[in-house]
Amino acid sequence: MAYLPTIFRNRFLLSLAAMLSIALLTTTQARALELQKLVPWSAGERPALALKDLHGKLRSLDDYSGKVVIVNFWATWCAPCVEEMPSLQALRDRINKQFTKPSLEVVAVNLAESPMKVSQFVKKIGVTFPVLLDRDEDAKDAWNVRFVPATFIVGADGKVRYSYFGEADWASEAMVKRIAAIISGEH
């Protein structure tokens, strides 16, 4: 009689081990796919970006010269945008602790929403990087953004290096290493 429960237990344990292996493999593959979605920029010169921030101050990418800048187009109604926002903050914090001087800035460009709505959202999630307001969606059009989230990595020299369309875990080890390599001049 004790033989049957042992067989079931062994089958259960083998099934559990197989499921865990698949989950681990899937997570690893997802991280690899994230890096594959980081596409080298081939659209020519960097588009203009000069917009007001949440305090009404006009900001442009030139304000961050000498730093790598992640430009992220987003909206509060976009669930993937909202989900990736904390990972952008975590990436910025981690990279800037890793280097002797602040070397990375994240600039979030909100699409056509009211300053009050965006400000409330930013306070709620605790974002400390600059948030710009693209009320007329002119910047969205200039950067050829067709859907959000859309993210662009601008090198310290002011040239766009990569684009990424869709949600990402920006704080993943793979992304942190890639951004650190860009800052170090390896990409």
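The values are calculated or read from the model by the stated rules, or taken from the named source; none is laboratory data. Being a predicted model, the structure only gives us computed values, none of them experimental. Note that we place each Cβ from the backbone using ideal geometry, even for glycine, and neighbour counts take in every protein chain shown.
With more than 22 Å from ASP62 (Cβ to Cβ) and at pLDDT 95 or above as the only criterion, which of GLU167, GLU137 stands out? Criteria check complete, one pass: GLU167. Take the conditions touching a strand residue (DSSP E or B) at 6+ places or on another chain (Cβ under 9 Å) and surrounded by fewer than 18 Cβ atoms within 10 Å (Cβ to Cβ) and apply them to GLY158. Does it pass? Considered against the rule, which asks whether it is touching a strand residue (DSSP E or B) at 6+ places or on another chain (Cβ under 9 Å) and surrounded by fewer than 18 Cβ atoms within 10 Å (Cβ to Cβ), GLY158 comes out as yes. ALA75: of a type outside the set (Phe, Trp, Tyr) and surrounded by 15 or more Cβ atoms within 10 Å (Cβ to Cβ), yes or no? So ALA75 fits the description; yes. Only one entry in VAL122, VAL82 is among the β-branched types (Val, Ile, Thr), assigned by TED's automatic domain parsing to the domain that holds GLU173, touching a strand residue (DSSP E or B) at 6+ places or on another chain (Cβ under 7 Å) and at pLDDT 95 or above, namely VAL122. Just name the residue that is modelled with the lowest pLDDT out of those in segment 27-50 that are among the hydrophobic types (A, V, I, L, M, F, W, C), closer than 24 Å to ASN110 by Cβ and not in a loop (DSSP other than H, G, I, E, B). The selected residue is VAL39. Of the residues contained in segment 174-186, none is found to be crowded, with 19+ Cβ neighbours inside 10 Å, at pLDDT 95 or above and part of a strand (DSSP E or B).
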